[in-house]
Every structure is written in C-alpha cells, then in structure tokens.
Amino acid sequence: MNVVAPFEGIGVSVKRKEDLRFLSGRGQYTDDIVRPGQTYAYILRSPHAHARINRIDTAAAQASPGVVAVYTGADLAAIGGLPCGWQIHNKDGSPMAEPKHPVLAEGKVRHVGDPVAVVIADSRERAKDAAETILVDYEVLPAAATMQAALAPGAPAIHDGIAGNLCYDWHIGDKAVNDAAFAAAAKVVTFETTNNRLVPNAMEPRAAIGDYDTTTGEHTLFTTSQNPHVIRLLMGAFVLQIPESKLRVVAPDVGGGFGSKIYHYAEEAIVTWAAARLGRPVKWTADRSESFMSDAHGRDHVTKASLALDANGKILALRVHTQANMGAYLSTFAPCVPTYLYATLLAGVYTTPTIYCEVKAVFTNTVPVDAYRGAGRPEATFLLERLMDVAAKETGIDRVELRRRNFIPADAFPYQTPVALQYDSGDYQSTLDEALATADWAGFEARRAEAARRGKLRGIGVSTYLEACGIAPSAVVGSLGARAGLYEVGTIRVHPTGSVTVLTGAHSHGQGHETTFAQLVSDRLGVPVAQVDVVHGDTAKIPFGMGTYGSRSLAVGGSAMFKAMDKIIAKGKKIAAHLMEASVDDVEFDRGTFRVAGTDKTKSLGEIALTAYVPHNYPIEEIEPGLDETAFYDPKNFTYPGGCHIAEVEIDPDTGRVAVVQFTAVDDVGRVINPMIVEGQVQGGVAQGIGQALLEHAVYDTNGQLLSGSMMDYTMPRADDLPNVGVATHTTLCTHNPLGVKGCGEVGAIGSPPAVINAVVDALRDYGVSHVEMPATPDRIWGIINAGRKMAAE
Amino acid sequence: MPQVTLSVNGKSHTVEVEGRTLLVELLRERLRLTGTHVGCDTSQCGACVVHIDGESVKSCTILALQADGTQVTTIEGLAKPDGTLHPMQEAFREYHALQCGFCTPGMVMAAIDLVQKHPAGLSEKEIREGLEGNLCRCTGYHNIVKAIAAAQDVMHGRRSELARAEAAE
Ligand code: FES
Ligand code: FES
C-alpha cells in the first residue's frame, strides 16, 4: 500500500484551506471589488404593497450632483421579465399562472420593496440623495397581505387575468384509495399548522457589479450567487439576450446563501444592462433593510392534515391540504418548493401506504417566497413529526414506540413510497437508538423533576426525519416541470509537475468545498491537499455547472469529479503501460502510483503527468497529450439523508422564555469526507432550525407592510439563544453515486424544528396544549401558561 | 471637506471625508481595507467591529471624524508582520469557527476585546453573552464559543500553545 503521509483523504478532519484568507481579511466578496471608473446604483423601491404608478418624475434626480443616469420601468420595457425555472401543472393538466416579473415595475407595484427606479451616480450617497428627489405618483390599491386575504371572494387582483390570485392548484396521490383507507381506519388524527415565514439573512447582503468591455462587447457580472452559470443562462437567454460567449458571471467569495442567493434577481440584470448602456461599471450593494424586502423569503405554508391509523398504531393513510405563499411574483424555483420538494417527502421515514396531498399556491402582496435551507422538506418534516406526537397522545401509544412501529425497516431498501420517491438506503432504528442513548432519554424524568424544583418546566422532544437532496436526475425533474438539467460538472487538471487544479460547477459560500473537494482528489490521486486547488464561481474558468443548493455539491459535484478522475486514471494507465512496456490491462492504480500487476514496476502520477505534457516517448497515435479531463455527472436518484434529532428545553413560566438546554443530532449523511466540516454544517443548520422554532418570523400587517423588516425587529439567533449542539453520524452509504455520500447541508434545519416544538409541548403538558405554533416566542408561551393557570383556578 | 487623521494598523493616514462618512466607509472605500464588513444598517450584526485604541467598536456606528487622532486596528492588522496569526485567528481555524467568513473579522475583533477585558477567564455562558453584539448565520456559534475558550488560555499565558480541537469522531 502506498499511503500518503499524513493521510488527508476521506474521513479526516483536515483544517480548511479557505480559512487563512477569511481570517486575515483577504476574502474577496462582491462589495470588496472595485472596477476602474465604477459608478453606484441605488434602487428606489415601493413603499406600498399594492399600487398603480400613474407617473414617475425623475427630472430633479437627473439634475442632481454626480448623477450619471436614472432609469425606470419604461426604459427597461423592451427587455424580458425575470424567468421562472420550474413549471407546475394544475390538477386539470393546465399550466400554472406565470405572470410577468418585470425587472423594474411596469405600471404597478405589488410588494413593499418592488423596484421602481434606479439612480446611478458617482457615489453611493449621491445616488441615494438623488433617489429621494424622485416623485412617484402612486394610486394605492387594497392589498392582499396573507393567503387568506388573497383567496377571499372579492380579493384585490394582484395580477391582471389571474383569477383568485391562484398560481396553481396541484395534487399528488390517489384520492380514491386514500379516502378508502381513511374510511377503514380505527383512528383519525387531525392537525393544523402554519409554517412561519422566514427571512434567510445570509450575513453578506446581496451585491452585484456590471462591467462592459466596449471593445470586445463582453459583459461581466460579479454577483453574490450560489450558481453563476445558472444566472448566466437565465439572464443571458431570457432577460438581456446576451449570448453565453459574451457574458461572464463571477460569484467570488460569497458570505452565506442558504438558498436566497440561488435566484436571478432584478439588480443583476439592472447593473449588467446599465453598464453596457453607460460604458462604465455599475455597482449595487443592498443594505440590510433592502435585503429584508428584496431577498426571497422562505416557508410560509398553512396546512391541514389527517392521519389514519389502525388499532395498533400502524399508519394507514395521510391526507394533506396545504396553501403555499408565492409572494407577489414567482421567484426562480418557487413553484417546485411546496410540490416536489414537499409533498413527495410526506412519507418521511414511515411505511404510510397511501398519501394524498393537495397544494394551492397563492399570490400575495409580499416579497416572493422561494427555497430557504431545506426548502419544502422542513415543512413536510415539521408536519409529520408534530402529527406523530399528536397521534401518540391521542392513541396513548408512547411517541418513540409509535415511530418505531411505523419505520421503514432497514432491510426494506430500495423502498418505493406512494409519493414518487424511491429511497435507496437508511437505518432509522439505529439513528433513533443512538440519539436516545446520547440524549439520555431514559433519564429524562429525573431531569424534569429537578427542573421543576427550580421552578422551570422541562420538556423533551424527538424528531425522526428524512430528506431528499443531491438534486437531481435531469430526466426526472424535467418530467416534473424543471426547465433545466440538474447534473454537475467537474474538471480534473493534472499539471505537468503533478499538482492538480479542480474546476467545479458547484459553488462554495461557507461549505468548505476548497478543502473537501481537495480531500476527494487527494484520497484517490495521492496528491497532498496543499497541491490541489479548487476553482469555482467563474463562468470564464469553469466549463459549466448548476451550482450549490439542495445539498448537492458533494453528491452530484463530487461525483462529477470522481468520474473525471476515472478518465484521468484510464488515460494515465495507457501512458504508464507504454512507459513500462506492459499491457494496459495489467496496469493497476492506487493513490498516485501506477503499477504493473504482480511486479515492482511503478510510475508515479507525477511521472505520468510530465510524460503527458512532454510526450517524447508517448503513444501519440493512440492518445492525445495532456492530462486534463472533464465529466458531466447526472445523478441516478435523489439521495436520502435521515436521522434523529432530540431537543430538551426549559421554560421559565414567569417570562415564557424557552431555552434549548440540550440538543442531540444523529444524522445519516452517507459517507463523511471531512467530519469537522459535516459537524459544522449540522450545527449551523440546527441553529437555523431553532431560530425558526423559537425566534424568527417575517410578519406583515394587513396592509402588506413588513413589520419585521430589520435586524432590530426580526429575531436572529444569537450565541446566547443557542445551546451546544452534539452531532454524531451513523452511516449507511448512498447506493447510486460513486462516493456513497448523501449530503449534510440541510439536515440540521430540517430535523430540528419539530424536535424543539415537541419538547415545548411536552414541557407544557400540564397546561392542556396539544400544539404550539412557531415561533414559540415568550409572548405565545406566557399566554398559554397564563390561560392554563386561569383554567386551573376556575 | 473636513480632514481626519488616524493611524490604522500602525500606519498614519490623513483623509478628507464628508461629515456623514462612517468609519467603516473610510476603512473600506478610502483605505481599501475590505476585511471589515458591513452586514446590517441597524448596528445589530457586528461584522464591522474594529479596535479603536484597543477597544472593540462597531465601525458602522461611528463617524470617521470621531476617530480623529485614534489608533485603529482592523482584521488586516492582527497577524504579525511575518504572518504569524494572532491566537484568536489561530483558534478560529483550529476549531472550525468560520464557514462563509463574512462575520469572521468582526467576530475575531470582538472576541479579542472580550477576552482582554476578562483576565480571570470566561465561562462558556459568559462567552455566549459576550457575543451578544455579533451575528453569525453559518456556524450556530458552537465552534466560535469553543475557539474563544481555547484562545483565552493562550492570550492570558495559561497555555503556551492552543489546545487542539478534539478529533471529530
Ligand atoms: S454593520 Fe452591522 S453592526 Fe455594523
Ligand atoms: S461564518 Fe458565515 S456568517 Fe459567520
């Protein structure tokens, strides 16, 4: 065995390569970039949720000091609207309603924050000053700020020609079979819930710089994006009609995304278009208030569900009716979130034989809603795992036992669910057992009693979850309405001296790809991690790519690299065979060494690389020089991480404050490449899940004003709101990708919210509550405790 | 336009600024020290924390003119000239206390001041409370807290070397 020392391959917590630049202030985020002659854009946004624009007077702004240009919707009318990347069909087979999403408002504004005009000046301040002089004559219209208001008879029409503000009315499952199962059930449990609307709030606000080379006609867009090639495709082809060869999109260091930086946003088109028109670079950077009213929000479902059980607590059927808020326009991938990323997950980890789910997607006068960490899967998991606890209470079966009785057994894989997905692997009993042991579930009652002596209400909650990620087989998603393929691209470039550059279509904005991907290469090719450079985020450097979301980077992007390494090794074997005068079939490869089987004749990868680039003694008739291979990898299936999260909370009955005092996560994310990074991903996801469960809520008033529109009003989790998060992994390998990996980016945010709320409900068990809506704020909890006390007193 | 003279990372600068220019704008846009970040507009996130005369300050909350005559240290000025990292930087790397890196400069600057102000050492709870002014959306703070706890031992001379992070299982 030829082992690299120290071993830096799969399974080792290698310290991150990217850290040094971030720790020394040398990261390069979009707003850090300065282009020569740069101008600054400021976007004037609607203060109204719904209004007709009668007139816009920009004369004073045009004449303001430092102003280069002022544009309104009229100037951009000739360019396309922002496209939607996924088309859902209604129950009757007709396509969803897909209203135009203008880059700048055309005649009407439909949410607070809708862009109305852009001022470009020689400084940010002057652009902002000038924007204040723009006079917009708004005729304010009644707004529909909630789905209930938008669906009510006589509701204001947000888009002309879209009846009842309904985007689509979709369903999945066999209703007749489902109805029959309910009719035969011994017990039916019902549950209603609102999945709270969230603001992703990546710490780096969105930013974009447009640049244009007047001599070559080449456009460059620097942008805070999770998927620069997708932006190039959407903006180039649908909005600005720029051929790919003339449009370069660069997503440099990006300060977190969580989904919110997947989408193609108006500002990207504005700066790209304006830079060409002005012949000068144009930079736009959101301030946080703009982020709140222009970044796509997440979640926002209202759901009614019923669960049918037999007398032994075996689930017979699940029926779900969900309304999903789309906001005022369709963001890039919005329509697929409450359908194919939600309803198809409703089997969860259980053997439910029949599921019927109906989803109505609704337009409202609010910021568009799209995928946010987990996207659809947290909503499905929250519903299922609350439903399991409600069912346990109503049937008198222990909540852990009820889950066990319904688990898909570890020997039942591949497992076909009634809602389209086929799970390849999993072991839910084991992740549950391990989590119960780690969290000392058995010893909980003693802790509850001890807390009670201190005047605190202590509760414990469990969630056993599953998600589908590693998005996704192109043919499958295509048949479901995706307007893109979801493969990934990887290039392995072995240089003449044996160092390696990896080009990947995935994008890292916190995930540590530069390290994890280097480990993959190091593990297989035997090159030290320090000599493997990972390049991402630039359409001019990377052949193609679909980007990072849906926990796909390793499962899909890593597999593309693996395939490219296959090609490198295959070619290397031919060169090695030639050099060692052996048959190709006799050449073996292991971690950087080519060997003629059964002999001590070897060649290192470095020697082969040098020969490939200096092909003096080379099978030139048979193969080309060079050692540089690209692979496109299209996944065969989704991947299915799952596991168990256990939360323990303490409530102060005097204030209603909930503290998560212990959190245990045991996740099956498939093969783990870098345990340190996986733990960090899970901890970060859990923090966002606890944020959803206890703190975060994007609240609109009835007029469509965003009440939680700043970090003063929207409660972001802080260090003292969160516990230490114990993370362990229990691995079953993914069976259909070459790495056996599943994905770890979203599990934390998916599994944790119901664990926390189950714990809160458990803590309040003496107060007659069967459910607490998210976020479980002190106000809500105190109200419950107070009402419970009153009831007890009466 | 008024002038401000200040030392940043040991180098003296005299710059003309508008009355409304914030210190963070001076640092980022005039001095091109873009390690200091802006994450909010309500003084909530702490991405902009720098040291002024050794104390941590949110540089988005102070006018450039108010910093006249002061000594400012930013994240770029923390490591020794030979590149040796400050123990806090070292600890953040060792404990994987950063992901996207956007909150990191402010977090490191705030953490150093926090530790310096507590020579007797900080408990985990005190560290969490001490980070009240800094937001991180990526890490869930778990590893940030661990990094600060490890760095304080080195900063206060209780250990000569950083305690290594436990190998993840
Ligand atoms: S930028 Fe957020 S506190 Fe200064
Ligand atoms: S590391 Fe991304 S915000 Fe803290």
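The values are calculated or read from the model by the stated rules, or taken from the named source; none is laboratory data. Because the structure is a prediction, the values reported are computed rather than measured. Ideal geometry is used to build each Cβ from the backbone, glycine not excepted, and the neighbour counts take in all protein chains shown. The area values use the complete protein model at the heavy-atom level, side chains included, leaving out ligands, DNA and RNA. Shrake-Rupley method; radii C 1.70, N 1.55, O 1.52, S 1.80 Å.
Annotation for the range A:93-101: no member residue is under 20 Å from A:A275 (Cα atoms) and open to solvent by less than 40 Å² (accessible area, probe 1.4 Å).
Of all the residues in the range A:217-258, those that are within 16 Å of ligand 2 (Cβ to nearest atom) and either in a helix (DSSP H, G or I) or surrounded by fewer than 24 Cβ atoms within 10 Å (Cβ to Cβ) (or both) number 2. Criterion first (more than 16 Å from ligand 2 (Cβ to nearest atom), aliphatic (A, V, I, L, M) and either surrounded by fewer than 21 Cβ atoms within 10 Å (Cβ to Cβ) or over 30 Å from A:T39 (Cα atoms) (or both)) does A:V177 satisfy it? It is true that A:V177 is more than 16 Å from ligand 2 (Cβ to nearest atom), aliphatic (A, V, I, L, M) and either surrounded by fewer than 21 Cβ atoms within 10 Å (Cβ to Cβ) or over 30 Å from A:T39 (Cα atoms) (or both). Applying the condition of being outside any loop (DSSP other than H, G, I, E, B) and open to solvent by less than 60 Å² (accessible area, probe 1.4 Å) to the range B:6-18 and asking which residue is nearest to the other protein chains (Cβ to nearest Cβ) yields B:V8.
Condition check for A:Y168 on (1) within 28 Å of A:Q62 (Cβ to Cβ); (2) open to solvent by less than 60 Å² (accessible area, probe 1.4 Å): one failure, at (1). Among the listed residues A:T344, A:T352, identify the single one that is part of a loop (DSSP other than H, G, I, E, B) and open to solvent by less than 10 Å² (accessible area, probe 1.4 Å). It is A:T352. Set side by side, the residues A:A693, A:A687, A:A728 differ, and just one is in a helix (DSSP H, G or I), within 13 Å of chain B (Cβ to nearest Cβ) and touching a strand residue (DSSP E or B) at 6+ places or on another chain (Cβ under 9 Å), which is A:A687.
A:Y263 meets all of the listed conditions (1) in a helix (DSSP H, G or I); (2) out of contact with any strand residue (DSSP E or B) (no Cβ under 7 Å at 6 or more places or on another chain); (3) open to solvent by less than 20 Å² (accessible area, probe 1.4 Å) but one, namely (1).
Pairs linking a residue in the range B:110-135 that is more than 9 Å from chain A (Cβ to nearest Cβ) to a residue that is among the hydroxyl-bearing types (S, T, Y), with Cβ atoms under 7 Å and 6 or more positions apart or on different chains, are B:A110/B:S56; B:D113/B:S56. When the range B:19-72 is filtered for residues that are facing chain A (nearest Cβ under 9 Å), away from ligand 1 (no atom under 13 Å from the Cβ) and aliphatic (A, V, I, L, M), only B:L33 remains. Looking only at residues in the range A:286-316 that are hydrophobic (A, V, I, L, M, F, W, C) and within 29 Å of the chain's Cα centre (by Cα), the one that is farthest from A:E401 (Cα to Cα) is A:A286.
Assess whether A:V682 counts as being under 23 Å from A:E379 (Cα atoms), part of a strand (DSSP E or B) and either open to solvent by less than 10 Å² (accessible area, probe 1.4 Å) or touching a strand residue (DSSP E or B) at 6+ places or on another chain (Cβ under 7 Å) (or both). No, not satisfied.
For the range B:151-164, indicate whether the set of residues that are modelled with pLDDT under 95, within 12 Å of chain A (Cβ to nearest Cβ) and either open to solvent by 30 Å² or more (accessible area, probe 1.4 Å) or part of a helix (DSSP H, G or I) (or both) is non-empty. Yes - at least one qualifying residue is present in the range B:151-164. Based on what the data block shows, is A:R299 basic (K, R) and at positive phi? Taking the combined requirement at face value, the residue satisfies it. Before we move on, is A:V136 over 22 Å from A:P353 (Cα atoms) and open to solvent by 30 Å² or more (accessible area, probe 1.4 Å)? Here the answer is yes, as A:V136 does meet what is asked. The numbered conditions (1) touching a strand residue (DSSP E or B) at 6+ places or on another chain (Cβ under 7 Å); (2) part of a helix (DSSP H, G or I); (3) touching a residue at least 24 places away in the same chain (Cβ under 8 Å) are all true for A:F544 except (2). Residues that are within 11 Å of chain A (Cβ to nearest Cβ), touching an Asp or Glu at 6+ places or on another chain (Cβ under 6 Å) and not in a helix (DSSP H, G or I) occur in the range B:100-109; there is at least one.
Considering only the range A:107-136, how many residues are under 20 Å from A:D160 (Cβ atoms) and charged (D, E, K, R)? Residues in the range A:107-136 being under 20 Å from A:D160 (Cβ atoms) and charged (D, E, K, R): 3 in total. Residues in the range B:99-140 that are near ligand 2 (Cβ under 7 Å from one of its atoms), β-branched (V, I, T) and closer than 12 Å to A:L23 by Cβ: B:T104 alone.
Exactly one residue out of A:G66, A:G25, A:G37, A:G81 is under 30 Å from A:G537 (Cα atoms), small (G, A, S) and within 14 Å of chain B (Cβ to nearest Cβ), and it is A:G25.
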